Amino acid sequence: MSLVVDFRRDIAIAVAAIVVLLLAGLMPTSGWARDFLTSLFAYGLLAMSLNLLIGYTGLVSFGHAAFFALGGYAFGLLLQAEGFREPLGAAALPLAFVLAIAITALYALVVGLICARLSEIYFAFLTLAFQMLLYSVILSWVDLTGGDQGLMGGIPRPPFLGIDLGDPRHRYAFCAVVFVLCILLLRVVVASPFGYTLRMIRDNPRRAAFLGVNVLRAKVISFVVAASVAGVGGIMLALFTSGAYPEWAFWAQSGEAIFMIMLGGINAFFGPLLGALLLRIINDLVLAYTEYTELVTGIAILVVVLGLRRGVLDFVFDIAERRRERAEQSAQSGALAKRAAAE
């Protein structure tokens, strides 16, 4: 109950966001918008979850997309298995959703317990090694994963509770609600005392340990939460594409998530989401006019990084903060002048 009271403003914003997204995506002429937003939901969760590690915990992961891919593959494989789907009937899809997140979280726990003991570049490259291990398993275990072709034959989506995820409208509404709930979860984590503990670990882990914080445990919890949210993003993309593909587990997918954070801003909570939006727009516009998507995307990122020297949202917030400080200084100077004149 206290959680609801403490975060009532964030909960109200989340409810409003759900209403706006449903209105935007369920209009009769919004087919393209539904597809674009559903894709944005998936990649937005990937970027937002990675920033929980990079921006708030100080852990730069080069292998975060492994959990994105694992969530999608686990979800798809469970629903493709007749021995799982047929006996459960309508409960198959929600149960597959929960189990896919649990599998992703368990894998993240194992990886986190190994990687979180290291720091900086060693942590980054070990996470990349685990990602490439998963990528190799996906490519080589052809009978299970479909190899380089991905999960073939589509992912069955049996209706449950009157929700038919085979219907684009139902699927969009489901993804929109789950997306907002995951963003709300991340917001609660970073704004809670645990979130401020993560910031202290990011800024000075030795001091945090001196003050009695179990640094390893906090890092592992952050790692598992971030991986689980990334896994939800992978599930959304699997629902959207009715498949799962090895490219999701390739190192370039993690690099793209880092680009999203760089574009949007690492210090602003919604910065990675803005970066995901900008990167999706850039990709769509570039594909409409040229095939050199990587070149144009790279140039756009260089312009932002070298021109603004920070993410877009960080840049905007810095300008607003400087204006606020100047306004406060002007108000103080005016007050001092009035006091001097009165004396």
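The values are calculated or read from the model by the stated rules, or taken from the named source; none is laboratory data. No experiment lies behind these values; they were computed from the predicted model shown. Reconstructed Cβ throughout: ideal geometry from the backbone, glycine too, with neighbour counts over all protein chains shown. Side chains included, ligands, DNA and RNA excluded: accessible areas come from the protein's heavy atoms. Shrake-Rupley method; radii C 1.70, N 1.55, O 1.52, S 1.80 Å.
Odds and ends about this structure:
- With respect to the conditions (1) open to solvent by 50 Å² or more (accessible area, probe 1.4 Å); (2) of a type outside the set (D, E, K, R); (3) in contact with a Cys (Cβ under 8 Å, 6 or more places away or on another chain), F130 lacks only one, and its number is (1).
- Filter result (part of a helix (DSSP H, G or I), touching a helix residue (DSSP H, G or I) at 6+ places or on another chain (Cβ under 8 Å) and either among the aliphatic types (A, V, I, L, M) or open to solvent by 60 Å² or more (accessible area, probe 1.4 Å) (or both)) within the range 291-314: V296, A300, I301, V304, V305, L308, V312, L313
- Given (1) hydrophobic (A, V, I, L, M, F, W, C); (2) at pLDDT 95 or above; (3) crowded, with 19+ Cβ neighbours inside 10 Å, index of the condition L106 fails: (3)
- Output for the range 50-62, where each listed residue is closer than 14 Å to Q253 by Cα and under 12 Å from the mean Cα position of the chain (by Cα): L50
- Flag not set for E256, criterion: among the acidic types (D, E), open to solvent by 60 Å² or more (accessible area, probe 1.4 Å), in a helix (DSSP H, G or I) and at negative phi.
- Looking across the range 316-343 at every residue that is closer than 27 Å to N51 by Cα and open to solvent by less than 60 Å² (accessible area, probe 1.4 Å), the one that is nearest to the chain's Cα centre (by Cα) is identified as D318.
- From the options L93, L78, residue that is open to solvent by 30 Å² or more (accessible area, probe 1.4 Å) and either in contact (Cβ under 8 Å) with a residue 40 or more places away in the chain or more than 22 Å from the chain's Cα centre (by Cα) (or both): L78
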